[in-house]
Amino acid sequence: MQTGTIFNIQPFSVYDGPGIRTTVFLKGCNLRCLWCHNPESWQIAPQLQFQEEKCVGCGNCFKVCPKGAHQISERGHIIDRTLCVGCGICAQNCYAGALVLTGKRVTTEEVMARLLEDAPYFKNSGGGVTFSGGEAMMQLEFLKELLIRCKEAGIHTAVDTAGHFPFEQYQKILPYTDLFLYDIKAYDPETHRRLTGVDNHHILENLPLLLQNGAEVIVRVPCIPDGNWQDMEQIACYLEPLPVKQVELLAYHRLGEGKRKSLGMEMETFPAPSVKEMEGLLETFTKKGIPAVYNR
Ligand code: SF4
Ligand code: SF4
């Protein structure tokens, strides 16, 4: 039986594929998107989040941390992330809830027991389970076993991926994946590298290969003024000949900012697009015959 690290199981999700779904969030990601809404997912190992505004200054964390990672500096209470090993002892002793350890080791058996509780909702709504992240593909053997177990239980499966892996890795899960939610973040390789830390050659090669191999795919495009906006025409031209089920244009928003602060990460912000800008963008795609929608 495989074990893996997850950071959330979210029931009643309606944005991650058809029907009512339960989304399993796996830890670990091989991209570093500047606008990431789930930066607590980047490392596979558990990560400590500190919400300073909840801290009541009781000092428990200073006493219990075996590494001396909680310190007082001129900025007040800080966590030296180079010392923290993610043991979670301070979070267990923070009764104010200011410290939270994100990420938990679980077996596929434990995840399936939780997912099967929601099976009646899947059947009644045409829903199922979506594996997201982070990047679901980072824990491939764990993901594959979960997909197989879901299919054995008659559950519709979706995998949310940014596509940055050799295609052979996708072949391992293709037979058990009913739907891919596939991100295209930029078309120009240099823009892609600047925004995500990696180039996009695997990403642009894998999408046609998945489709040629019979996969059903919904493409998701984050739409970020001053980020990837100038690539939208090229992304539309790339998608035009491809038989994708749908293209979802996702308007940038700033929900990840608080999380980044709690993880001690630097923040980069972009302007949010207006409704008019998103409508114009939608037209760029639909006038090419692409089945596009946009979500705010
Ligand atoms: S998670 Fe462990 S090592 Fe990290 S700050 Fe808390 S007690 Fe210290
Ligand atoms: S244990 Fe929690 S509330 Fe107490 S000082 Fe540490 S972070 Fe603040």
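Listed values, structure above:
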item	result
Wholly within segment 1-112, strands (runs of 3 or more DSSP E) carrying at least 2 residues that are closer than 26 Å to L179 by Cα and in contact with a helix residue (DSSP H, G or I) (Cβ under 7 Å, 6 or more places away or on another chain)	3-13, 21-26
Segment 196-219, residues that are touching a residue at least 60 places away in the same chain (Cβ under 8 Å) and closer than 20 Å to P291 by Cβ	I218
Flag for L48 being more than 13 Å from ligand 1 (Cβ to nearest atom), under 26 Å from A136 (Cα atoms), crowded, with 19+ Cβ neighbours inside 10 Å and not basic (K, R)	no
E268 vs. criteria open to solvent by 40 Å² or more (accessible area, probe 1.4 Å) and under 17 Å from the mean Cα position of the chain (by Cα)	no
Matching residues in segment 74-104 - criterion: being exposed (fewer than 13 other Cβ atoms within 10 Å of the Cβ) and away from ligand 2 (no atom under 14 Å from the Cβ)	E74, R75, T82
Residues being closer than 21 Å to S41 by Cα and of a type in the set (F, W, Y) - total across segment 114-133	1
Any hit, segment 51-64, residues being within 11 Å of ligand 2 (Cβ to nearest atom), touching a residue at least 60 places away in the same chain (Cβ under 8 Å) and closer than 30 Å to P225 by Cα	yes
Failed criterion for D118 (all others in (1) within 13 Å of ligand 2 (Cβ to nearest atom); (2) over 24 Å from G28 (Cα atoms); (3) open to solvent by less than 60 Å² (accessible area, probe 1.4 Å); (4) not small (G, A, S) hold)	(1)
Filter pass, K144 being open to solvent by less than 60 Å² (accessible area, probe 1.4 Å) and of a type in the set (D, E, K, R)	yes
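The values are calculated or read from the model by the stated rules, or taken from the named source; none is laboratory data. Since the structure is predicted, the reported quantities are computational estimates derived from the model, not experimental observations. Cβ coordinates were reconstructed from backbone atoms using ideal geometry, including for glycine residues, and neighbour counts include every protein chain displayed. For the accessible areas, the whole protein counts, side chains as well, though only heavy atoms, and no ligand, DNA or RNA atoms are used. Shrake-Rupley method; radii C 1.70, N 1.55, O 1.52, S 1.80 Å.
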